[in-house]
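Bear in mind that the values in this text are calculations on the coordinates, not laboratory data. Computed from a predicted structure; not experimentally measured. Positions of Cβ are generated from backbone atoms using ideal geometry, with glycine treated the same way; all protein chains shown enter the neighbour counts.
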Number of protein chains: 2
Amino acid sequence: MDLNQENIRAQMRKGLLEYCTLSILAKKEAYASSIIDELKAANMIVVEGTLYPLLIRLKNQGMLSYRWEESTQGPPRKYYEITPKGKMQLEEMKAAWNELVETIQTLTK
Amino acid sequence: MDLNQENIRAQMRKGLLEYCTLSILAKKEAYASSIIDELKAANMIVVEGTLYPLLIRLKNQGMLSYRWEESTQGPPRKYYEITPKGKMQLEEMKAAWNELVETIQTLTK
DNA sequence: TTTAATACCTTGCAATACAAAGTACTATTT
DNA sequence: AAATAGTACTTTGTATTGCAAGGTATTAAA
C-alpha cells in the first residue's frame with residue numbers, strides 16, 4: 001500500500017478502534033497482544049502502543065474487566081472480558097456504524 | 001439521539017469529513033455554507049467552524065480551487081471546485097472506504 | 001441607523017492514534 | 001551463571017482532527 005493510501009486509511013480508522021476492540025472481545029476474552037495481532041492483521045492499527053491506553057480507558061469506563069493469567073511461554077497475560085455495560089455500548093456502536101455507512105453511501109453517490 | 005450515541009457518532013465521523021466534502025464537490029461546485037448545510041443534514045458535522053479549516057487545507061494541498069462570486073442575497077460567496085488532483089484523491093478515498101467497510105464487517109461478525 | 005440574515009474565518013481545547021522508548025518476566029544459548 | 005532473545009505490558013511526547021465559541025464583513029429590511 002502506498003503512503004498516501006496509508007494516510008487515508010489512518011485517518012478513516014480514527015474512532016473505529018473502540019468498536020473493533022469491543023467486537024473482538026464480544027466473541028471471546030483475549031489478552032492485549034493477541035488483540036493487537038488481530039487488529040494489525042486487519043490493518044486497523046499500526047503500533048501496539050495505540051491499544052493499551054484504549055483498553056485502560058474501556059476498563060475505567062466499566063466496559064471491560066480483566067484478570068491476570070500465567071503463561072507457559074513468557075510473562076503473565078492480562079485477559080480482558082467484555083462486561084454487560086460493554087455489550088450495551090457495543091450495540092449502540094453497531095447502530096451508529098450502520099447509520100454512518102448509510103450516510104456515507106448517500107453522500108458519496 | 002441521546003448523548004452517548006452522539007459521542008459515538010462524533011468519534012466515528014472523524015477522518016471521514018474530507019471524503020464527504022470531496023464527494024460533495026465532485027458532484028458540483030459549491031460554496032462553504034451550502035456544503036455545511038448538506039453535511040449538517042447528514043449529521044456529519046455539528047458546527048460550521050469545523051469545515052472552513054478543512055476547505056483551506058484541501059485547497060492548500062491542491063485538491064480544490066475556488067473563485068469568488070457575488071450573491072444577490074448577502075455577502076460574496078467562495079465557490080469551491082474539485083481539481084484533477086482532488087478527483088484522484090477521491091478515488092483513493094473511495095477505495096480506502098470500501099476496504100474499511102469490509103474490514104469492519106469481518107471484525108464485527 | 002439599527003437590526004437581521006448571510007457568509008467567511010480564527011483561536012483555544014479535548015480526544016485519538018502514532019512514534020518511540022522503557023520495564024519486566026521467561027526460556028534459550030553460551 | 002550470565003547474556004541474549006522473545007513475549008507482554010506500559011508510558012511519554014507529538015500531530016491531527018473536530019468541537020466550542022467567538023469574531024469580521026457584506027447586504028437588505030425595519
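Below, the figures for the structure above:
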| read-out | value |
| --- | --- |
| Nearest 10 degrees, 0 to 90: helix A:17-27 Cα axis against chain A principal axis | 50 degrees |
| Estimated inter-spin distance, residue B:106 and residue A:60, nm [label 7 Å along Cα→Cβ] | 3.3 nm |
| Sequence ranges A:7-20, B:31-44, ranked by mean other-Cβ count within 10 angstrom, highest first | A:7-20, B:31-44 |
| Where labels lie 7 Å past Cα in the beta-carbon direction, separation of residue B:94 and residue A:10 in nm | 2.5 nm |
| Computed [θ] at 222 nm, helices only, for the protein assembly as shown once each DSSP H run of length n ≥ 4 contributes -39500 (n - 2.57) | -19500 deg cm²/dmol |
| Acute angle (nearest 10 degrees) that the helix B:84-107 long axis makes with the longest principal axis of chain B, alpha-carbon atoms | 20 degrees |
| Chain B residue with Cβ closest to the axis mapping B onto A, distance in whole Å | B:14, 2 |
| Rounded tilt (10° steps) of A:32-41 against the dominant C-alpha axis of chain A | 30 degrees |
| Highest-MSF residue in chain A out of A:91, A:48, A:70 [GNM, Cα springs under 10 Å] | A:70 |
| Segment B:15-107, relative contact order [Cα under 8 Å, separation at least 6], % | 31 percent |
| Positive-end residue of B:17, A:105, A:90, charge dipole of the protein assembly as shown with Cβ unit charges | B:17 |
| Pairwise FRET efficiency - residue B:17 versus residue A:33, Cβ, R0 = 25 Å, nearest 0.05 | 0.15 |
| Most fluctuating residue given options A:75, A:84, A:53, as computed from a GNM of chain A linking Cα atoms under 10 Å | A:75 |
| Averaged over B:24-31, number of beta-carbon atoms from partner chains that fall within 10 Å | 1 |
